[in-house]
Amino acid sequence: MKGRSRATTHGPSFLRWAGSKRKSLALLGSSYRDPTRHYVEPFAGSAALFFELGPMVGTLGDLNGHLVNALRQVRDHAAEVHRRLLAYERSPDAYYAVRNRFNEGSRFGIEAATDFIYLNRNCFNGLWRTNLAGSFNVPFGGHEMGGYPPLELFQDCAKLLRCAKLRHQDFRKTITSAGASSFIYADPPYFTASERVFVEYGKRSFGEEDLSDLVRLLVEAEQRGAEIALTYNEAMPVPAIPSHWHVHSFSVTRNVGGFRGSRKQHGEILYTSFELPGVLE
Ligand SMILES: C[S@@+](CC[C@H](N)C(=O)[O-])C[C@H]1O[C@@H](n2cnc3c(N)ncnc32)[C@H](O)[C@@H]1O
């Protein structure tokens, strides 16, 4: 815990998110060494590290407009979103009805946000996946999801979100806007052909060109004075990582092929533009 209050750890996110590194938050959090730095997450997802750290000032960006709307609505109307969420029925029929309404409706406002959170908490494995037309198509996840987070967690998340700019935008814009006193934590989607369906977050996959733009922009941000932390799949070398960056291995548990029953350990790399004392390289 580094940010606002060093005495306590903040709670988890109100969202589930495929690819979230919840279990590695202690390691990742140790890279945010200076809580006065502007915390920037260009691939926010469930913003697990943001909620863990509770930075004093931050920017969360994501290309998923439904996600950014949900972050904004929870920031502004946490209790009402929570009240509505609890009023939704949890059954396959109700799930598919909400999914239809969500796909036909607006991505703005409180109902869209509640639908998004309901789908996120009740869909198969917290995945976000759309068909080519952009419609969310993840099936109902069954009844093993457990209860919703309590109101207090939504309210804690809202409090932290009030300290952040929430941007629906491409990572390039978020990183280009990051100033000298920023700390940038980049957790991009994987680029893998074999697991394509489970690593897609929108209408198109994150490709090689995206990855090389990402590294180039992070290096430029570092040259302006920003500190950088980047996580990526160990099995896929990231091109053009500067030789002075530090490389730390860690592992996360993943559901193989998206199935809960077949979890396996999977290697990740944390690249930092600075030395992380006490962490083995
Ligand atoms: C691996 S997830 C991030 C998970 C996050 N660290 C968490 O705690 O849940 C990657 C995120 O990148 C977003 N994304 C994909 N392409 C993007 C782009 N070009 N610009 C910004 N965000 C993008 C996806 O919508 C997804 O939320």
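The numbers here are math on the coordinates, done by the rules we state, and not lab data. Predicted, not measured: the structure shown is a model, and the values here were computed from it. So basically every Cβ, Gly included, is an ideal-geometry build from the backbone, and we count neighbours across all protein chains shown.
Annotations
- Rounded to whole Å, sorted largest first: equivalent-ellipsoid semi-axes of the stretch 45-196, Cα gyration tensor: 26, 20, 14
- Working note: Cα gyration tensor of the stretch 55-126, eigenvalues times five, square-rooted, sorted largest first, giving semi-axes of 22, 14, 11 Å.
- Counting other Cβ atoms within 10 Å as a rough exposure proxy, the listed residues Thr176, Thr272 run Thr176, Thr272 from fewest neighbours to most.
- Per the Debye formula on identical point scatterers at the alpha carbon atoms of the stretch 18-69, with no solvent, log10 I(q)/I(0) at q = 0.13, 0.14 Å⁻¹ is -0.30, -0.35.
- Structural size metrics of the chain, computed from C-alpha coordinates, are Rg and Dmax of 18.2, 54 Å.
- Lysine pairs in the chain with Cα atoms under 21 Å, if 8 or more residues apart or on separate chains: 8
- Annotation for the stretch 80-143: GluC sites (Glu not before Pro) lying in DSSP loop with at most 10 further Cβ atoms inside 10 Å of their Cβ are Glu89.
- Nitroxide proxy distance, nm - points 7 Å out along Cα→Cβ at Asn131 and Asn100: 1.4
- The chain: most fluctuating residue of Gln73, Gln223, Gln155 per GNM, C-alpha cutoff 10 Å: Gln223
- Taking the Cα centre of the stretch 11-108 as origin and assigning +1 to Lys and Arg Cβ atoms and -1 to Asp and Glu Cβ atoms, the resulting dipole is close to 160 debye.
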